[in-house]
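Input: a single structure, listed below in C-alpha cells.
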Amino acid sequence: MRVTGVGHAGMRFETAGGSVLCDPWVTPAFFASWVPFPDNTQLDWDALGDCDYLYVSHLHRDHFDADTLRDHVSKDARVLLPDYPTDELEHELRDLGFRHFVRTESGVPQELDGLRFMITSLKGPGDGPIGDSALSLDDGTARIVDQNDAHPLDIPELLEFGAYDAHFTQFSGAIWWPMVYDLPKAAKREFARRKRIGQEDRAMRYIREVAAPHVFPTAGPPCFLDDELFRWNGLGYGDVEGESIFTDQWEFLGRMRELGQEAGSTQQGHLLLPGTTAEIDHGRVGGLTHPMSDAEVETIFLDKENYLRAFAERARPTLEAQKARWATPQPDILRQLKEWIEPLMKRADHMCDGIGGPVRLDLHEMPAGTPGVDDDGRLSLVFDFPAREVRVYDGEAARYRWGVPATLVATNIATGEVDWSNSLFLSVRFTATRVGQYNEYLYTFFKCLSEERIDYVENWYDAQNDDGRDIELDGWRVQARCPHLSADLSKFGAVDGDVLTCTLHNWKFNLATGRCLTSAGHEIRAEKLGE
C-alpha cells in the first residue's frame, strides 16, 4: 500500500483494490483564516483527484473542500459514505456532481474489489458538525486506520478490524479557546499550555491503544496567513507568545520520540508532508520520500516564521478574493436573525435550558442608520434563551459575550450557514468573554441552526448519558458512562483525590458533589466506597 500526503488530514492511498483519496483540502477555510500547512497548492490536484474511491470524513471545511472536490476530483469515484444521522454530507456531495455512493454501517467491515474497509462513525453533538468518522483500510499488503480528528469512544471496536500497520491521527488543536478570550496574558498562556498538553496526551493515548508500529501525525495544524491572524501560528510570535494552542508536526514527532524512549516503545513516527510518499507493507514502512531536500524540510519548521511570511505573500490574492465576497450587513439584521433563530429556540428545550441565560452579541462595523447602533458602529443584541427571543441588548448581565465583525454574521445569514462553529467561531475572527464555566450547550446550539439538526440533537440529549450502570474506580462508585459524551469511564476515567477526569476530552468532575468542573450541567452520580 502506497500513501501520498496531500496536506492536513488529506491522503491518497494506492491499494491492491484501487486508489482512495481522503479529505482533500486546498481552499482557505473558515472565513479565509485557516490554510493548509505546509503549502499544498503545488500538487497535481487533477492527478490526485483521478481516484477510484473518495472518503470525506465530515463536513468541517478543512476536510470538505467544495472547490477542490468540484474542480479536481473525478465524479466517477465511488464515495465511501459515513453512517450519519442526517443526510447533509451526501446532499452536499451530490450538489457537487458525485453520484456513486457506498453506504456503510458504523463499525461494520465491507469489501469491494479486493479492498476491505470500515468506517467508524461518531454521532454525538460534540462530534464535528453532527458527525465525524475514521476510516480503516486493508488490501492484504497493509492495514491502516485514518483517524484524522475523530475521537472514537470504543478503541476495542476499532481494533476488531485487525491489528494496524500504520495509524494516521490528529495531534494538534482545532478550537478557538483560549485564543479569542479576554483574559490576562498570564492566564491565557497557562490555559493555552494546558490545552497543548491535553491535545498531546490524548493523541499519545490513542497511539498507545491502537498500537500500530508506525504513526503519521496528520490533521493539523493549519496556518494563519492573514495579517491580523498571523500571531496564532504557534509559539514565539510577537506579543502573544505562548497563547496559541497549535503544535506542529515537527514538535509533536520530537515529543513522541521522547515519550517513546521513556516508555521503551518501539513505535515509530513519520513526517507526512504534501507530496511525501511511503510504502506500507506487512508492518514495515519503506521508501519514505519527501518532495524536497532535508534542508528544505527543516526550513519549514525551524525557520517557520520566514516560511510562513513568504507563503502569506503567495496566498494574499486568494485570501483577498475570499474576503471580497463577504456580505454587507443590512440595517434589518435583527429582523433576519429573529426570523431564523427564534423558531429554532422554540424547538430546543434541552439546549435553551442548558444555556440558561442571555448571550450578548456585539456586531461591529454596522452601517449608519441601523436601529440601535451606537456612535462606534456597534449594534448589541441578545440571544435570550430562557425567553426564546432575539432582541436588542437592554443592559442586563450576560455570562457569555461575543464581539463579531457584522460582515461575518451577514455572510452566514446570506448563505444560510447552519453551523457557526464550522464558520464563524473556528475563524478566530471574534472576541469572547464569559463568567464561569464553558457551556457546551451554547456552542452546540450554534452548530445546529436548522430544524433537522436541532431535532436530532434534542432527541440525542433525551436518549443519552446515564444507562444506570455503576463501576468502581479508585475507591469510588460512579456511573459507568461520562455525562459529557457517554465515554466508558472504566477505560477513560482517572481519579485524583475527589476529582475524576474523563481523559477522552479531559472533562473533570468533583465526585464528592457530583458537579462538573468543565462545563455547566453534566452532573455525575458518585459515592465514596466504605462510607
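The values are calculated or read from the model by the stated rules, or taken from the named source; none is laboratory data. Being a predicted model, the structure only gives us computed values, none of them experimental. Cβ coordinates were reconstructed from backbone atoms using ideal geometry, including for glycine residues, and neighbour counts include every protein chain displayed. Surface accessibility is based on the protein's heavy atoms, side chains included, excluding ligands, DNA and RNA. Shrake-Rupley method; radii C 1.70, N 1.55, O 1.52, S 1.80 Å.
Out of curiosity, is residue 320 in contact (Cβ under 8 Å) with a residue 60 or more places away in the chain and more than 30 Å from residue 439 (Cβ to Cβ)?
Numbers: in contact (Cβ under 8 Å) with a residue 60 or more places away in the chain: no; more than 30 Å from residue 439 (Cβ to Cβ): yes.
Taking the combined requirement at face value, the residue does not satisfy it.
Quick one: which residue in 220, 260 is assigned to a helix (DSSP H, G or I), open to solvent by less than 30 Å² (accessible area, probe 1.4 Å) and either at pLDDT below 95 or charged (D, E, K, R) (or both)? Steps first, answer last, please.
On the way: 220 fails: assigned to a helix (DSSP H, G or I).
260 is the lone residue from the list that is assigned to a helix (DSSP H, G or I), open to solvent by less than 30 Å² (accessible area, probe 1.4 Å) and either at pLDDT below 95 or charged (D, E, K, R) (or both).
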Report summary line: Residue pairs within 7 Å by beta carbon, gap of at least six or interchain, first lying in segment 253-276 and among the charged types (D, E, K, R), second open to solvent by 30 Å² or more (accessible area, probe 1.4 Å), listed first then second, are 255/200; 257/269
Query - In segment 69-87, the residues that are closer than 26 Å to residue 448 by Cβ, part of a loop (DSSP other than H, G, I, E, B) and either open to solvent by less than 40 Å² (accessible area, probe 1.4 Å) or among the small types (Gly, Ala, Ser) (or both) - result: 82, 84, 86
Requested in this report: Kindly indicate whether residue 275 is outside any helix (DSSP H, G or I), over 29 Å from the mean Cα position of the chain (by Cα) and at pLDDT 95 or above.
Outcome: no
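So that you can scan it fast, the table gives a plain yes or no per residue for (1) modelled with pLDDT under 95; (2) of a type in the set (D, E, K, R); (3) closer than 18 Å to residue 52 by Cα:
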residue: 94; (1), (2), (3): no, yes, yes
residue: 116; (1), (2), (3): no, yes, yes
residue: 128; (1), (2), (3): yes, no, no
residue: 132; (1), (2), (3): yes, yes, no
residue: 138; (1), (2), (3): no, yes, yes
residue: 149; (1), (2), (3): yes, yes, no
residue: 187; (1), (2), (3): yes, no, no
Report task. Name the residue, out of 171, 191, that is under 25 Å from residue 254 (Cα atoms), touching a strand residue (DSSP E or B) at 6+ places or on another chain (Cβ under 9 Å) and surrounded by fewer than 21 Cβ atoms within 10 Å (Cβ to Cβ). Result -> 191
Requested in this report: For residues that are within 18 Å of residue 89 (Cβ to Cβ), touching a Pro at 6+ places or on another chain (Cβ under 9 Å) and either assigned to a helix (DSSP H, G or I) or acidic (Asp, Glu) (or both), tally how many sit in segment 121-162.
Outcome: 1
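So which of 388, 378 is open to solvent by 20 Å² or more (accessible area, probe 1.4 Å), modelled with pLDDT of 95 or more and touching a helix residue (DSSP H, G or I) at 6+ places or on another chain (Cβ under 6 Å)?
Values: 378 fails: touching a helix residue (DSSP H, G or I) at 6+ places or on another chain (Cβ under 6 Å).
388 is the lone residue from the list that is open to solvent by 20 Å² or more (accessible area, probe 1.4 Å), modelled with pLDDT of 95 or more and touching a helix residue (DSSP H, G or I) at 6+ places or on another chain (Cβ under 6 Å).
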Query raised in the report: Of the residues that sit in segment 151-168 and are open to solvent by less than 20 Å² (accessible area, probe 1.4 Å) and at pLDDT below 95, which one is farthest from residue 491 (Cα to Cα)?
Result: 158
Report summary line: Scanning segment 510-531 for residues that are touching an Asp or Glu at 6+ places or on another chain (Cβ under 8 Å), buried (at least 17 other Cβ atoms within 10 Å of the Cβ) and not in a loop (DSSP other than H, G, I, E, B) gives 516, 519
Requested in this report: Kindly list the number of the only condition in (1) in contact with a Lys or Arg (Cβ under 9 Å, 6 or more places away or on another chain); (2) under 23 Å from residue 523 (Cα atoms); (3) of a type in the set (Phe, Trp, Tyr) that fails for residue 445.
Outcome: (1)
Query raised in the report: Which one is farthest from residue 24 (Cα to Cα) among residues in segment 264-304 that are in contact with a helix residue (DSSP H, G or I) (Cβ under 7 Å, 6 or more places away or on another chain) and among the polar types (S, T, N, Q)?
Result: 267
Requested in this report: State yes or no: is residue 316 among the basic types (Lys, Arg) and touching a Leu at 6+ places or on another chain (Cβ under 9 Å)?
Outcome: yes
Query raised in the report: Of all residues in segment 500-509 being in contact (Cβ under 8 Å) with a residue 24 or more places away in the chain and outside any loop (DSSP other than H, G, I, E, B), which is surrounded by the most Cβ atoms within 10 Å (Cβ to Cβ)?
Result: 509
**Report entry** Checklist (1) more than 25 Å from residue 125 (Cα to Cα); (2) aliphatic (A, V, I, L, M); (3) in contact (Cβ under 8 Å) with a residue 40 or more places away in the chain; (4) open to solvent by 10 Å² or more (accessible area, probe 1.4 Å) applied to residue 183, failing item
**Finding:** (3)
Query raised in the report: Can you tell which of 419, 470 is surrounded by fewer than 18 Cβ atoms within 10 Å (Cβ to Cβ) and touching a Lys or Arg at 6+ places or on another chain (Cβ under 9 Å)?
Result: 470
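For the condition hydroxyl-bearing (Ser, Thr, Tyr) and without any contact (Cβ under 8 Å) to a residue 60 or more places away in the chain, what is the one hit in 74, 33?
Values: 33 fails: without any contact (Cβ under 8 Å) to a residue 60 or more places away in the chain.
Exactly one of 74, 33 is hydroxyl-bearing (Ser, Thr, Tyr) and without any contact (Cβ under 8 Å) to a residue 60 or more places away in the chain, namely 74.
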Report summary line: residue 107: passes all of (1) in contact with a strand residue (DSSP E or B) (Cβ under 6 Å, 6 or more places away or on another chain); (2) under 19 Å from residue 218 (Cα atoms); (3) open to solvent by less than 30 Å² (accessible area, probe 1.4 Å); (4) outside any strand (DSSP E or B) but (2)
Query raised in the report: Going by the structure shown, is residue 61 part of a loop (DSSP other than H, G, I, E, B) and either farther than 30 Å from residue 306 by Cβ or not acidic (Asp, Glu) (or both)?
Result: yes
